[in-house]
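Student: Questions regarding the structure given below will be posed in turn.
The values are calculated or read from the model by the stated rules, or taken from the named source; none is laboratory data. Quantities reported herein were computed from a predicted structural model and do not represent experimental measurements. Quick reminder, even Gly has a Cβ in these numbers, built from the backbone with ideal geometry, and neighbours come from all protein chains shown. Remember, those area values only see protein heavy atoms, side chains included, never the ligands or the DNA or RNA. Shrake-Rupley method; radii C 1.70, N 1.55, O 1.52, S 1.80 Å.
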Amino acid sequence: MATISDHVRTNMALVQRISFGVGVLGLGVSAVMIGFEKKEFFESYLIAFIYFFAIGAGSLALLMIQHVAGGAWGFSIRRLLEAGSRTLLLLAVLFVPLLFGLPELYQWARPDALKDRIIELKSGYLNVPFFLIRQAIFFSIWIGLAYALSYFSRKEDETGDESIGWWFKALSGPGLVVFAVTVGLTSVDWAMSVDVHWYSSMYPVLFAFGCILSALIFHIVAMILLYQGGDLEKYLTKNYLRDFGSFLLGFIIFWTYLTFSQFLLIWCANLKEEVPYYINRISGGWQIVTIILAIGHFALPFLFLLRRESKRVRSSLLIAACFMLLMRFVDYLYLLGPSFSPKHFHLPVSQVTCLLGIGGLWLSFFIYQWNLYPPIAARDPRALKEPVHGV
Amino acid sequence: MDAPKVKIYGLVAEFETPTQIVDAANQAREAGYTAMEAYSPFPVMDLHEAVGFKRTMLPTLAFFGGLTGFFTAFTLTTFTSGGAPSFINPFLPDWFYYPLNIGGRPLNSWPAFIPPEFELTVLFASITSVFGMLLLNGYPRLYHPLFNVPRFSRVTTDRFFLCIEAKDSKFDLQGTKQFLEGLQPYEVSEVPE
């Protein structure tokens, strides 16, 4: 029976307490800021919320992918993914404050919205009641899937019944399709409709994939930190780490492909309705963010992870993943920041407090969820097989 | 001592079980041999470490192949569309400078050049990998010297072979032969080049 080492357990409890404190403090300070800059607060809150939502939703997607596809890698982080997917419950609660800022965030939610002919045409979908209904349905689906998968996981631990494997597959296969559709529509609701005249068919794919990328990065960090010491170390061998490093490299390349394709198509077509989105991102100081993203989210990690040893050595993979966690934030800032303040680069103080607030609460909730279950699903059929890996 | 008439590639010892060959390879490595290779009908655990397998330079070759592809496409697209920096123009022949106006876009439309750059990077890297692999495997020689040993054909069915190559600095025909025989193989044979 694999257990978390005492050293990690002590540190984890400490981190949980500190991050909870930071979370409460961060959200408290942010709440005070509503009084000064209401619009700014909701913008910062949305960016910070999406950053952590991506990890939760991506965990659910990765969990379903590994249930369908199998593989030793999926088995080694299965309980981390389950804990990550259960944080969607907290994220649903953290979503509620945004409902009070809809008119601040979205042009289509303002009283005079229908004066705009384009918004009027889109109002069959983009209207506040339907928005609320959609979010309620989507969050119920995600939370339902996450808790159903965890429920069967617990049952598997208790009974060891092999027929439970069928349930994992039966939920995960259709679940992935539902996930793609719901997260795709959510990307339109939360982010794309900020630029209400603009549209891109690549956007939902990019957003949904961004979730999976965020989750993978977070779980690489979590795995390396939490499995240290004790008998969980056997999941940190070079061959396991190289699987995750290769995933990370492949996912970064795919992210670049999606991001660049969206840009290239709009750049080539050069249409009046489409280009403002990118003009906002290459002017007014935002071009620095775009360049940082091109170098930091693609060029540097790509060249670094090409080397075989970078993927196999624990410290170098940890550094790469931590750096990518930072870059994920830059990506979400790039996604929404230029749309919120088009003419000049702006990073408000509330962005930092919201990030700390949501992040602190989220992290302590994640650790709480991770402690509820044994760290390794000992009765997963994959547990019986000694991992045999190609070199 | 008589020089052998045929050039020797190495000495090969034949074993009957996977355990034997892993032990043999471990002993050979501990005895200081470095240029050796093991052959087996299926992947054998730990054999990889036992022979002290060194990685080839193929990844490095592929990387520079890819880099060459990138710069080839970069040069091709930039120069054919007339997007190269203007200080280069005096050095180019008159017939070469033929700027392409595509929908009024700038001559150096780098976003449009990235797809060909990507394609040639992949193409050059994969061509380098395939041909580099062939060259590192001894191309243009079309067979491996070990096939000169008739018994070696059993490597695909039920026998395990450990070959110590003549290029090893510690290699000496008599000494190495005695050493290999000390490992209790089924048979030790000389491999003609």
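Student: Looking at the stretch A:156-170, which of its residues are open to solvent by less than 80 Å² (accessible area, probe 1.4 Å) and either of a type in the set (D, E, K, R) or touching a Ser or Thr at 6+ places or on another chain (Cβ under 6 Å) (or both)?
Tutor: Result: A:156, A:157, A:161.
Student: Output the residues belonging to the stretch B:30-58 that are out of contact with any strand residue (DSSP E or B) (no Cβ under 7 Å at 6 or more places or on another chain), within 12 Å of another protein chain (Cβ to nearest Cβ) and in a helix (DSSP H, G or I).
Tutor: B:48, B:49, B:58
Student: Considering A:368, A:373, which residue is away from chain B (no Cβ under 14 Å), touching a residue at least 12 places away in the same chain (Cβ under 8 Å) and open to solvent by 70 Å² or more (accessible area, probe 1.4 Å)?
Tutor: A:368
Student: Another question, if that's okay. Restricting attention to the stretch A:283-292, and to residues there that are closer than 16 Å to residue A:346 by Cβ and assigned to a helix (DSSP H, G or I), which single residue is most open to solvent (accessible area, probe 1.4 Å)?
Tutor: The qualifying residue most open to solvent (accessible area, probe 1.4 Å) is A:288.
Student: Might you let me know whether the stretch A:328-349 holds any residue that is modelled with pLDDT under 95, surrounded by fewer than 15 Cβ atoms within 10 Å (Cβ to Cβ) and among the charged types (D, E, K, R)?
Tutor: yes
Student: Also, I was wondering about something else. Out of everything in the stretch B:127-161 that is within 11 Å of the chain's Cα centre (by Cα) and of a type in the set (Gly, Ala, Ser), what residue ends up being farthest from residue B:12 (Cα to Cα)?
Tutor: Applying the filter and picking the extreme gives B:129.
Student: Yes or no: residue B:69 in a helix (DSSP H, G or I), open to solvent by less than 60 Å² (accessible area, probe 1.4 Å) and within 14 Å of another protein chain (Cβ to nearest Cβ)?
Tutor: no
Student: So, one more: Would you check which residues across the stretch B:162-191 are in a strand (DSSP E or B), open to solvent by 40 Å² or more (accessible area, probe 1.4 Å) and closer than 13 Å to residue B:9 by Cβ and list them?
Tutor: Result: B:190, single match.
For every residue, the table says whether it meets (1) without any contact (Cβ under 8 Å) to a residue 24 or more places away in the chain; (2) within 30 Å of residue B:17 (Cβ to Cβ); (3) not assigned by TED's automatic domain parsing to the domain that holds residue B:32.
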site	(1), (2), (3)
B:75	yes, no, yes
B:95	yes, no, yes
B:107	no, no, yes
B:115	yes, no, yes
B:149	no, yes, no
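Student: Under the condition of being of a type outside the set (A, V, I, L, M, F, W, C) and assigned to a loop (DSSP other than H, G, I, E, B), which residue from the stretch A:1-43 is most open to solvent (accessible area, probe 1.4 Å)?
Tutor: Ranking the qualifying residues of the stretch A:1-43, first place goes to A:37.
Student: Which one of these does residue A:146 not meet: (1) surrounded by fewer than 23 Cβ atoms within 10 Å (Cβ to Cβ); (2) within 20 Å of residue A:223 (Cβ to Cβ); (3) of a type outside the set (D, E, K, R)?
Tutor: The single condition residue A:146 does not satisfy is (1).
Student: Against the definition (within 14 Å of another protein chain (Cβ to nearest Cβ) and either farther than 30 Å from residue A:8 by Cα or acidic (Asp, Glu) (or both)), how does residue A:186 come out, yes or no?
Tutor: no
Student: When both residues are 6+ apart or on different chains and their Cβ atoms are under 6 Å apart, which pairs have a first residue that lies in the stretch A:255-278 and is within 12 Å of another protein chain (Cβ to nearest Cβ), and a second that is among the charged types (D, E, K, R)?
Tutor: A:266/A:274
Matching residues to (1) part of a loop (DSSP other than H, G, I, E, B); (2) at pLDDT 85 or above; (3) of a type in the set (Gly, Ala, Ser):
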position: B:60; (1), (2), (3): no, yes, no
position: B:79; (1), (2), (3): no, yes, no
position: B:82; (1), (2), (3): yes, no, yes
position: B:93; (1), (2), (3): yes, no, no
position: B:99; (1), (2), (3): yes, no, no
position: B:114; (1), (2), (3): no, yes, no
position: B:120; (1), (2), (3): no, yes, no
position: B:133; (1), (2), (3): no, yes, no
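Student: When residues of the stretch A:330-352 are filtered for being within 19 Å of the chain's Cα centre (by Cα) and closer than 18 Å to residue A:42 by Cβ, how many remain?
Tutor: Within the stretch A:330-352, residues that are within 19 Å of the chain's Cα centre (by Cα) and closer than 18 Å to residue A:42 by Cβ number 7.
Student: Further question on the same structure: Give the stretch A:279-308 a look and list any residue that's within 10 Å of another protein chain (Cβ to nearest Cβ) and either in contact with a helix residue (DSSP H, G or I) (Cβ under 8 Å, 6 or more places away or on another chain) or among the basic types (Lys, Arg) (or both), or say none.
Tutor: Once the filter is applied, which keeps residues that are within 10 Å of another protein chain (Cβ to nearest Cβ) and either in contact with a helix residue (DSSP H, G or I) (Cβ under 8 Å, 6 or more places away or on another chain) or among the basic types (Lys, Arg) (or both), the stretch A:279-308 yields A:306, A:307, A:308.
Residue by residue, here is whether (1) among the charged types (D, E, K, R); (2) open to solvent by 40 Å² or more (accessible area, probe 1.4 Å); (3) within 14 Å of chain A (Cβ to nearest Cβ); (4) touching a Leu at 6+ places or on another chain (Cβ under 8 Å) holds:
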site: B:103; (1), (2), (3), (4): no, yes, yes, no
site: B:109; (1), (2), (3), (4): no, no, yes, no
site: B:122; (1), (2), (3), (4): no, yes, yes, no
site: B:126; (1), (2), (3), (4): no, yes, no, no
site: B:130; (1), (2), (3), (4): no, yes, no, no
site: B:158; (1), (2), (3), (4): yes, yes, no, no
